[in-house]
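Contents: one structure, followed by commentary.
The values are calculated or read from the model by the stated rules, or taken from the named source; none is laboratory data. Here the structure is a predicted model, which means the values were calculated and not measured. Here the Cβ positions follow ideal geometry from the backbone for every residue, glycine too, while neighbour counts run over all protein chains shown. Quick note on the areas: whole protein, heavy atoms, side chains included, nothing else; ligands and nucleic acids left out. Shrake-Rupley method; radii C 1.70, N 1.55, O 1.52, S 1.80 Å.
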Amino acid sequence: MNIESLLVAKVIEAVKECYGAEAEPDKIQLQATRKEFAGDLTVVVFPFTRFSKKSPEETGKELGEYLKRYIEEVRDYNVVKGFLNIEISSAYWLEVLNEVALDPKYGYFHEKSGNSYMIEYSSPNTNKPLHLGHIRNNLLGWSVSEIQKANGHEVKMVNLVNDRGIHICKSMIAWKKYACGATPESAGMKGDHFVGDYYVRFDKEYKAQIKQLTEEKGLDEEEAKKQAPILLEAQDMLRKWEAGDEETVGLWRTMNDWVLKGFDETYKLMGVGFDKIYFESQTYKKGRDIVLKGLADGVLYRKDTGSVWADLTGDGLDHKLLLRDDGTSVYMTQDIGTAYERFNEFDMDEMIYVVGNEQNYHFQVLSLICGKLGFPWADKIKHLSYGMVELPEGKMKSREGTVVDADDLMQEMIHTARETSQELGKLDGYSAEEAEEVYRKVALGALKYFILKVDPKKTMLFNPKESIDFNGNTGPFIQYTYARIQSVLRKAAEAGTEPQAAGIHIRISEKEQNLIKWIAKLPDVVREAGATYSPALLANYSYDLAKEFNQFYHDFSILKEEDREVKNFRLLLAKVCGEAIKNAMGMLGIEMPDRM
């Protein structure tokens, strides 16, 4: 039983002994003691005054005396108004340190919870490369998945590639019209970048045609947008694709393969992966079949134009299109089909979609429609909504080619890490290969930490230079702290000293005790990060723990300590702290360099 559970049990016992009353466990408020007061844990006394018929101060003193008498780990207590502050003995914290030292995967729950999740993230379109927004999506999805695994849950990490639809056809039309047979190989480009350029080219030509139709034909802008020849060609191509036209499908396969190969390179550098990849082209037909069955059952309705809709006005929403006039599918249709396939394939407690907050309505509607169609898993659909990533220059636009490309950004981060490290002389004496590996870890650590330390729900401003600072709340600061710890342990080992995790009986300082308390918080942070789907909690915990270690390192000698038992304790404390940092950051996908 941990100290929190023990205190709750003994408070219940004390209330019964002192006042003859039954206190309910969920009514006992236990919290960390505020920094300005002596103590480790605080019991809120006010709820017990109705039993004691005494002031909060008197009630707190009586309960404090009882706890001190019957819990050997309680060293002392003090009462501030209605708050009973409990001081825990050094012996208890030493025992905590010893226990943590025996578990190199501290922070991970070793028993299976019995809960299962499928987490979808990335979900790119095969008409353009991944960009900064995709980076936040991928990092959130991967980290949330790892945190759920750390909580003992079974997790399937999946990707849905949006490889069909009008956007894909736009790139295909532009390539047919303007590429003159060029390929990624002949152009010396990654396939996703190559195809993305034709998506931008389509938009350029489309805008030019709209302008021509409004100026020369006298059409209003909305009508011109509908009648632009290049858009009509793309719409015709989509119809041919859905009809299985051999030439259209052949080109689609070729261009998709170019893009998917490029995606794989980006995912590898980013350090993310998937257990399974779904393709919209393989699931949209099932969605269409389900929609047509819903139409036949009277759940959905068809307009005179031929389109199929869901009436959601009874749920406070509007009418939702599911099949266009020409019978082609929309995103909602394929999401219904994909969800159906997944829940048939896997028995899971939640299907979590990691998608930006501009799609809040979409997933609300998806769950509603699936419920109306009679699927029992409709309420298991969960949308992990996150805010957009913006730059100092403002928002990005894919069609106009003003996005920050994921590959370019990661390479720029590596370049910045290389420059910064060389200026500081941090990797003198490393081979070129060793140095490049550190540059990669520092660069991606900076990128991942800067993005994941922000609460997912918030829109964030990304500043590459600020993210790679070796000081402050950054990934490199935490990585450098970890490398410092490894340096201390290496020097100790070279001198013949390895920290031992048993038989430590010394009196420790308040700062050393505080560091153990911070380490001990990790499982609770992991649990809360899992419950709230917020990697930001783990990121900021890692920073606080690194700060706490650096204060300890500044104030106390480790390698030069002459007392052997004290030296062993401090080495053990450093080692365990390093493991806690590594485990917490590992759940964020951030690698820890042993040397920097």
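Listed here are the residues, each with its yes/no results for (1) open to solvent by 20 Å² or more (accessible area, probe 1.4 Å); (2) free of Cβ contacts under 8 Å to residues at least 12 places away in the same chain; (3) out of contact with any helix residue (DSSP H, G or I) (no Cβ under 9 Å at 6 or more places or on another chain); (4) more than 30 Å from Leu409 (Cα to Cα).
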site: Glu247; (1), (2), (3), (4): yes, yes, no, yes
site: Thr254; (1), (2), (3), (4): yes, yes, yes, no
site: Glu280; (1), (2), (3), (4): no, no, no, no
site: Lys286; (1), (2), (3), (4): yes, no, no, yes
site: Tyr301; (1), (2), (3), (4): yes, yes, no, yes
site: Thr338; (1), (2), (3), (4): no, no, no, yes
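Considering only residues of the range 90-122 that are open to solvent by 30 Å² or more (accessible area, probe 1.4 Å) and among the small types (Gly, Ala, Ser), which is farthest from Lys190 (Cα to Cα)?
Going through the qualifying residues, I end up with Ala91.
Could you count how many residues in the range 303-336 are among the polar types (S, T, N, Q), surrounded by 16 or more Cβ atoms within 10 Å (Cβ to Cβ) and assigned to a helix (DSSP H, G or I)?
2
Mind telling me which of the residues Lys105, Lys190, Lys128, Lys170 ends up being touching a residue at least 40 places away in the same chain (Cβ under 8 Å), within 30 Å of Glu510 (Cβ to Cβ), among the basic types (Lys, Arg) and touching a helix residue (DSSP H, G or I) at 6+ places or on another chain (Cβ under 8 Å)?
Lys105
Only residues in the range 218-238 that are under 10 Å from Lys170 (Cβ atoms) count as the first member; pair them with residues that are modelled with pLDDT of 95 or more and among the aliphatic types (A, V, I, L, M), Cβ under 7 angstrom, at least 6 apart or cross-chain, and list the lot.
Listed by first residue and then by second, the contacts come to Ile230/Ile173; Glu233/Ile173; Ala234/Ile173; Met237/Met172; Met237/Ile173.
If you take just the strands (runs of 3 or more DSSP E) that sit entirely in the range 62-179, which of them hold at least 3 residues that are closer than 24 Å to Ala32 by Cα? Step through it out loud before you land on a result.
Working: elements: 74-80, 83-88, 116-120, 154-161.
Here the list reads 74-80, 83-88.
Please state which of the following conditions Phe83 fails to meet, knowing it meets all the rest: (1) open to solvent by 80 Å² or more (accessible area, probe 1.4 Å); (2) within 23 Å of Gly20 (Cα to Cα).
Here Phe83 meets the rest and fails (1).
When you scan the range 303-326, how many residues do you find that are among the small types (Gly, Ala, Ser) and in contact (Cβ under 8 Å) with a residue 24 or more places away in the chain?
Here the count works out to 1.
Return yes or no: is Glu548 of a type in the set (D, E, K, R) and within 26 Å of the chain's Cα centre (by Cα)?
So Glu548 passes the test.
Give the residue that is farthest from Gly165 (Cα to Cα), with candidates limited to residues of the range 340-361 that are open to solvent by 20 Å² or more (accessible area, probe 1.4 Å) and of a type in the set (A, V, I, L, M, F, W, C). Talk me through it step by step, then tell me what you get.
Start the filter on the range 340-361 by keeping residues that are open to solvent by 20 Å² or more (accessible area, probe 1.4 Å), which leaves 340-341, 343-347, 349-350, 355, 357-361.
Now restrict to residues that are of a type in the set (A, V, I, L, M, F, W, C): 343, 346, 355.
Details: Phe343: 24, Phe346: 27, Val355: 19 Å.
Top of the filtered list is Phe346.
If the Cβ limit is 6 Å and pairs must be 6+ apart or interchain, which residue in the range 1-23 that is in contact (Cβ under 8 Å) with a residue 60 or more places away in the chain pairs with which residue that is hydrophobic (A, V, I, L, M, F, W, C) and in a helix (DSSP H, G or I)?
Partner pairs satisfying both residue conditions: Lys10/Leu67.
What about Pro535, is it of a type outside the set (Lys, Arg), closer than 24 Å to Ser145 by Cβ and in contact with a Ser or Thr (Cβ under 6 Å, 6 or more places away or on another chain)?
yes
Go through the range 456-484 and report how many residues are crowded, with 21+ Cβ neighbours inside 10 Å, under 18 Å from the mean Cα position of the chain (by Cα) and modelled with pLDDT under 90.
1
Among the residues of the range 452-491, which ones are assigned to a loop (DSSP other than H, G, I, E, B) and among the hydrophobic types (A, V, I, L, M, F, W, C)?
Across the range 452-491, the qualifying residues are Val454, Phe462, Ile468, Phe470.
Name the residue that is nearest to Asp311 (Cα to Cα), counting only residues in the range 369-382 that are among the aliphatic types (A, V, I, L, M) and surrounded by fewer than 19 Cβ atoms within 10 Å (Cβ to Cβ). Before you say what the answer is, go through the steps one by one.
First, the residues of the range 369-382 that are among the aliphatic types (A, V, I, L, M): 369, 373, 378, 381.
Within this subset, residues satisfying the condition of being surrounded by fewer than 19 Cβ atoms within 10 Å (Cβ to Cβ) are 373, 378.
Details: Leu373: 12, Ala378: 17 Å.
Result: Leu373.
Among the charged types (D, E, K, R), closer than 24 Å to Asp455 by Cβ and at pLDDT 95 or above: is that true of Glu579 in this structure?
no
Specify which of the listed residues (Ile508, Ile414) is open to solvent by 10 Å² or more (accessible area, probe 1.4 Å), β-branched (Val, Ile, Thr), modelled with pLDDT under 95 and under 24 Å from Lys575 (Cβ atoms).
Ile508
Listed here are the residues, each with its yes/no results for (1) part of a helix (DSSP H, G or I); (2) of a type in the set (Lys, Arg); (3) on the phi > 0 side of the Ramachandran plot; (4) open to solvent by 70 Å² or more (accessible area, probe 1.4 Å).
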position	(1), (2), (3), (4)
Met237	yes, no, no, no
Trp241	yes, no, no, no
Val259	yes, no, no, no
Asp264	yes, no, no, yes
Ile277	no, no, no, yes
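Suppose the filter is in a helix (DSSP H, G or I) and open to solvent by 10 Å² or more (accessible area, probe 1.4 Å); does Lys35 pass it? Steps first, answer last, please.
Numbers: in a helix (DSSP H, G or I): no; open to solvent by 10 Å² or more (accessible area, probe 1.4 Å): yes.
Answer is no for this residue.
What pairs come up if the first residue lies in the range 394-414 and is farther than 26 Å from Glu205 by Cα, the second is open to solvent by 30 Å² or more (accessible area, probe 1.4 Å) and modelled with pLDDT of 90 or more, and their beta carbons are under 8 Å apart, counting only those six or more places apart or on different chains?
Matching pairs, first to second residue: Asp407/Lys190; Asp407/His193; Asp407/Glu265; Asp407/Leu269; Met410/Leu269; Ile414/Arg440.
Can you name every residue in the range 436-465 that is charged (D, E, K, R) and either in contact with a strand residue (DSSP E or B) (Cβ under 9 Å, 6 or more places away or on another chain) or under 19 Å from Tyr543 (Cα atoms) (or both)?
Lys441, Lys448, Lys453, Asp455, Lys457, Lys458, Lys465
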